[in-house]
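Let me begin by presenting the structure, written as structure tokens, before commenting on it.
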Amino acid sequence: MAFPSNDDGDRALAPKPAADTQQAGPPAPDPSQAGSDDDTPETAKPDTANPGRRKRLLLIVALVVVIAAAAYFLYDALVLSKRVTTDNAYVAAETAQVMPLVSGQVVDVTVSDTQSVKRGQVLMRLDDADLKIAVAQAEADLAGAERRYGQTAATGDALQAQANARGADVGAARAQLALAQGNLERAQIDYQRRQALVAAGAVSGDEVTAATNALRTARANVAVAQAGIAQATATQVSAQKDRAANIALTRGTTQATAPEVLAARAKLRQAKLDLSRTVVRAPIDGVVAQRNVQIGQRLAPGTAAMSIVPVDRLYVDANYKEGQLQKVRIGQRATLTSDLHGGDVVYHGRVVGLAGGTGSAFALIPAQNATGNWIKVVQRLPVRIALDQRELRAHPLRVGLSMDAEIDIADDGGDERGGNR
């Protein structure tokens, strides 16, 4: 069998364009035309499917948004609506002011700023020379008062003896009166006898004269005796009154309870107290701050020398907006974080009180709202939160540090705003 030549064979074997095209399908796209604007039928197919995919994507996105919105709504309803937060909160404390109660020159200062002190620890000393002299003077005054009381008591006994003696004098005067009256009776009898014998001439004129003189003398003696009784009685009454006055000074008292002795003893205690106050001690446990006293400085009573900050009894004043306080009650739980320790350290506390007024109400120059140019400003009210002392010891704070406060208003800690249950 004869084979055709290469040229003929090539021509014989060459595919027919029309038949091959119908059997093999559409020709492959030309790479040179890949970036042209005319799409082939193969690339136009996905355009008919994109609207459904986009709808599915939009539905998914909408579903995610709805779920996120519902989750936020639930979080707000279940969590955020039950808590009020603020970052306008600061640490505070009831700082103790250290000041001398007596005047004097500072001779020693034993502490400095930032130093921790215990209650009763010596902080400074004042010169005590003058006060030691005052104590000695008070002791002498007390001894004098005790001696004066003893003298008054002894005088009372002497006055009683004098009153008794005046009573004896009255008795003696009465005896003298009785004797004078006896003499008067005898003189009268003698006188009457002689007068009866004068007419008979039985007695001489001299005897009658002597009898008359004796009668007059007896009458005078009676008058003197009566006067003696009156004088002795008056002296007795005077002595008794002196005794009564003396008794009034000492009645119901002893040397230990006499008013003069008590007054002198009180002055002595005051002098000793003033002497003890020359040593100034710490009133509480804490940290020394604002020390402004130096050795040699003379201080007057009430001069602020330093402050003691009780770092283990701190609290937080959280300044909440007035619109956040509707459900805040005393006793509600609170959580706090500080900028010092960060969010990892959480403090726990309770609301212990709400301030009696806003900060602007107690400002040095209060706002004048009764004016024409009035602009409403949201006010803040300090809410005091007590901190756990154990947490303060574990993570110390200092006065003035910033805090973030969150109060759980779902906790019904009190039945009135600003009042305990």
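Here, each number is a calculation from the coordinates, and none is a lab measurement. What you see is a predicted model; the values in this text were computed from it and never measured. Neighbour counts are summed over all protein chains in view; Cβ atoms, including those assigned to glycine, are modelled from backbone coordinates with ideal geometry.
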Give the share of C-alpha pairs in each 5 angstrom bin for region 88-192, from 0 to the last occupied bin, in whole percents, shortest bins first.
2, 8, 8, 8, 7, 6, 6, 5, 5, 5, 5, 4, 4, 4, 4, 3, 3, 3, 3, 2, 2, 1, 1, 0, 0, 0
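Summing +1 for each Lys or Arg and -1 for each Asp or Glu, what net charge is found among the other residues whose Cβ lies under 14 Å from the Cβ of M124?
Numbers: positive: R125, R277, R281, R291, R298; negative: D108, D113, D127, D128.
Neighbour charge sum, excluding M124 itself: +1.
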May I ask for the Rg/Rh ratio of region 131-272, computed from Cα atoms with Rh as the Kirkwood radius, given to two decimals?
1.50
At the level of C-alpha centres, the distance separating region 275-296 and region 329-389, in angstrom, is 32 Å
